[in-house]
Amino acid sequence: MNSNLAQSLVSALVQRLEQSGWHGEAEVATGDTQLDAVMERNGVVAIFEVRLGYKNSPASWIIGLSDTVNEFRRLRNPAAGCFGVLVTDSEVSERLVAAASRYPVEIFSFSRLQSVESITQGVVNVCESAALEFAQEGSQEQSELAGNWAVFADNSSISASGSSVRTGRIESQENLRVATNELEREIERLEGVLGRQHPSVLFLRVRLASRERSVDLFEQVLRDQKNFLGSDSPDLLSTRLGLASLFQERGDHRRAIAIYQEALRHSSEFLPESDPQTLTVKNNLATSLLAIGEFAEAIRLYEQTLSERIRVLGENHPSTLASLSNLASAYREIGDLGRATGLYERVLDQRLRILGEDHPDSLASRNNLAYAYQSLGDLARAVPLYEQTLSDCARVLGLDHPDTLNARNNLASAYEAAGDLGRAIPLYEETLADRQRVLGPDHPSTLSSGNNIAGAYQAAGDLGRAVSLYEQTLAVCARVLGSDHPDTLTARNNLASAYEAAGDLGRAIPLYEETLADRQRVLGPDHPSTITFRDNLAGAYEAAGDLGRAIPLYEQALADSIRILGTEHPSTFTFRNNLAGAYLSSGNLDRAISIYEQTLTDRVRVLGPDHPNTLASRNNLAYAYQVMGDLDRAVPMYEESVVACQRILGDSHPTTLTARSNLAGAYLAAGDPGQAIPLFEGALADSLRILGDNHPLTRITQARLAKARLRQQ
């Protein structure tokens, strides 16, 4: 490319693409090839070739650029994909357009009468459309999956990963519809030229299915490809991956797994084991296996993918680091928080060194590490890291970028975990409003925001608002996602927990029972969240005084957790703690105390003495000693618990307020109202200030204080 016009056009293209968030340069040498320009955004690479002054565009241009793209993929293996853009003022025939549709090449043909601004904007539109295809493409790696759904009930909870998915620029619905209409017209035009079953037409139909997120369209084109191309055609691979990805997106992981396994068998016939597409299939299969609780097989596949990527790409390649991050997430899911945190720290360190502080992958890693710290109960490290991540996301990506909204949500969750509802709730509310505006009211992230703020209202004792918002979120989930989607089942569970907290067990218990039955049917009886739902139902039975049904269900949940997750998983500790509470309620004090003591010992050893769950165990054991009348052991343990809570969580955390109230109750039980009353008064004043006069803890502390004053008279 020697002409001044071509050079100035490339320069203008690079400048215009940089304004749209792409980064790169003109005249890039790779191997023996001189590329006119190479641009990258969010792991997607666009390679540009400008051809000016020719009458017609020959097929050799498409084939040559395709070869360049494939060679670039082989040498660099871009994290999210690569495509070529042919920019030309030559005439482009319909048949060449059809041929190009089967290659990783986009064509932009312009008239010499167009302005440079018009040409560059047209090329940007082509790039945005192609990048959107990569964002929705089925073969894209499922990496660092986002999810803000929490299951709130009793002492037990499941928190989905707070990690962030890199997301491209949000396109307006109007722009998406225009692009879809153009694709439909192109398919219709080529069908008239080539026929409906031509490989190029089938390829475009796959793109349409991906853009429309339509299972029906994917299944139709898959049938046609099998009929007209043969079941062994390599073209079927991308269609299978797109369909599997869509099932993943809808929470139907069992169907996704079946398709990924078929795709893996199919790809082994024509792709080497180390091919990037093969590794992507393995990675995505592992993601779905992890989602249904098949932890051992998921980790095996993640480790296999990581090993292959290290061998082929090296330790510092973005895809290798993505595999390492996914493996860390798997360890986090099985409760191996120490190993997960170490891997997250390693990934962040390498991404900062290789990609820099402001790269989206570095921001995602920082968020994931903060979430690992939060899971460890180390809020002193989690909160500042979340705050830094949010600030950097807002600066680099913009206030309305989905990753920025995720970061804001995650910071709110950390504030909530720290008991700072005064900062958590406004941040949740701001995130919900922005997600509704940017993503729309029916987007899964918007629904998760509704769920999260309802949980914060519930934690603050504002049950009227919590129930109303949970009901609203559940209705939208059922309509948008379907009644069997995991997020819909979670929303139903959370509504049941709010009914339970409000004392409406007549509505809570049937909803828990229905949700557990559906969870077992959809995910199976051994899925970790099914076990948690079982434990939650047991808690509702206990609240209703039906210990005959509660205790066997608690025992089953604990036995299943030990069998599936292991004796040292944090969820196993939670289920053991809840069973001890039921034994305590039934008057079986010896068994209750024995289990509480074992749980405290194990939590100190596995989670550390300062983890919030360890603090809760210490408080629970002290209460059991008090119920047994052993105040000589109860009072010192309560005192130790209060000091630890104040040091770790702060004076105003709800757990600290509960510990202070419990210590005052122990003093009162020991016949010392003089010590009890000032402690009750301080706890009540702080509870009124922080939680309000309607919070259950406030009302309990008021009643205890009144009782203490009567005892003093």
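Annotations for the structure displayed:
- One residue from S267, S274 being surrounded by 19 or more Cβ atoms within 10 Å (Cβ to Cβ) and touching an Asp or Glu at 6+ places or on another chain (Cβ under 8 Å): S267
- If the condition is being loosely packed, with under 15 Cβ neighbours inside 10 Å and part of a helix (DSSP H, G or I), then the stretch 671-687 contributes G674, P678, A685.
- The stretch 539-584, residues that are of a type in the set (F, W, Y) and touching a residue at least 40 places away in the same chain (Cβ under 8 Å): F573, F575
- Selection status of R521, closer than 28 Å to A580 by Cβ and not hydrophobic (A, V, I, L, M, F, W, C): no
- On the stretch given as the stretch 221-270, residues that are in contact with a helix residue (DSSP H, G or I) (Cβ under 8 Å, 6 or more places away or on another chain) and without any contact (Cβ under 8 Å) to a residue 12 or more places away in the chain total 4.
- Residue check, D216 surrounded by fewer than 17 Cβ atoms within 10 Å (Cβ to Cβ), closer than 23 Å to S483 by Cβ and either in contact with a His (Cβ under 8 Å, 6 or more places away or on another chain) or free of Cβ contacts under 8 Å to residues at least 12 places away in the same chain (or both): yes
- Which listed residue is closer than 21 Å to S413 by Cα and touching a strand residue (DSSP E or B) at 6+ places or on another chain (Cβ under 9 Å), from Q458, Q436: Q458
- Residues in the stretch 315-335 that are modelled with pLDDT under 90 and not in a helix (DSSP H, G or I): 4 in all.
- The residue list S375, S391 contains one member that is surrounded by fewer than 23 Cβ atoms within 10 Å (Cβ to Cβ), touching a residue at least 60 places away in the same chain (Cβ under 8 Å) and among the polar types (S, T, N, Q), which is S375.
- In the stretch 662-674, the residues that are under 12 Å from R709 (Cα atoms) reach residues that are among the hydroxyl-bearing types (S, T, Y) with C-beta atoms within less than 8 angstrom, at least six apart or across chains, in these pairs: P673/Y667.
- Search result, residues across the stretch 652-670 that are buried (at least 16 other Cβ atoms within 10 Å of the Cβ) and part of a loop (DSSP other than H, G, I, E, B): S652, H653
- Candidates D434, D487, D462, D442: the one that is of a type in the set (D, E, K, R) and over 29 Å from S214 (Cα atoms) is D462.
- Checking the stretch 230-245 against the condition returns no match, with no residue being among the small types (G, A, S), part of a helix (DSSP H, G or I), in contact with a His (Cβ under 7 Å, 6 or more places away or on another chain) and surrounded by 15 or more Cβ atoms within 10 Å (Cβ to Cβ).
- Per-region count, the stretch 188-212, residues under 14 Å from D224 (Cβ atoms) and touching a residue at least 40 places away in the same chain (Cβ under 8 Å): 7
- Here A424 qualifies as farther than 18 Å from D487 by Cα, hydrophobic (A, V, I, L, M, F, W, C) and crowded, with 17+ Cβ neighbours inside 10 Å.
- Any hit, the stretch 359-372, residues being over 27 Å from V44 (Cβ atoms) and at pLDDT 90 or above: yes
- The combined condition, being without any contact (Cβ under 8 Å) to a residue 12 or more places away in the chain and farther than 26 Å from A616 by Cα, is not fulfilled by H485.
- Cβ pairs under 6 Å, 6+ apart, first in the stretch 110-123 and touching a residue at least 12 places away in the same chain (Cβ under 8 Å), second among the acidic types (D, E): F110/D89; R112/D89
- Within the stretch 340-359, the residues that satisfy the criterion of being part of a helix (DSSP H, G or I) and either surrounded by fewer than 15 Cβ atoms within 10 Å (Cβ to Cβ) or touching a residue at least 24 places away in the same chain (Cβ under 8 Å) (or both) are A340, T341, G342, Y344, E345, V347, D349, Q350, R351, R353, I354, L355.
The values are calculated or read from the model by the stated rules, or taken from the named source; none is laboratory data. Keep in mind it's a predicted model, so treat the numbers as computed, not measured. When we count neighbours, we look across all protein chains shown, and the Cβ atoms used for this are built from the backbone with ideal geometry, even at glycine.
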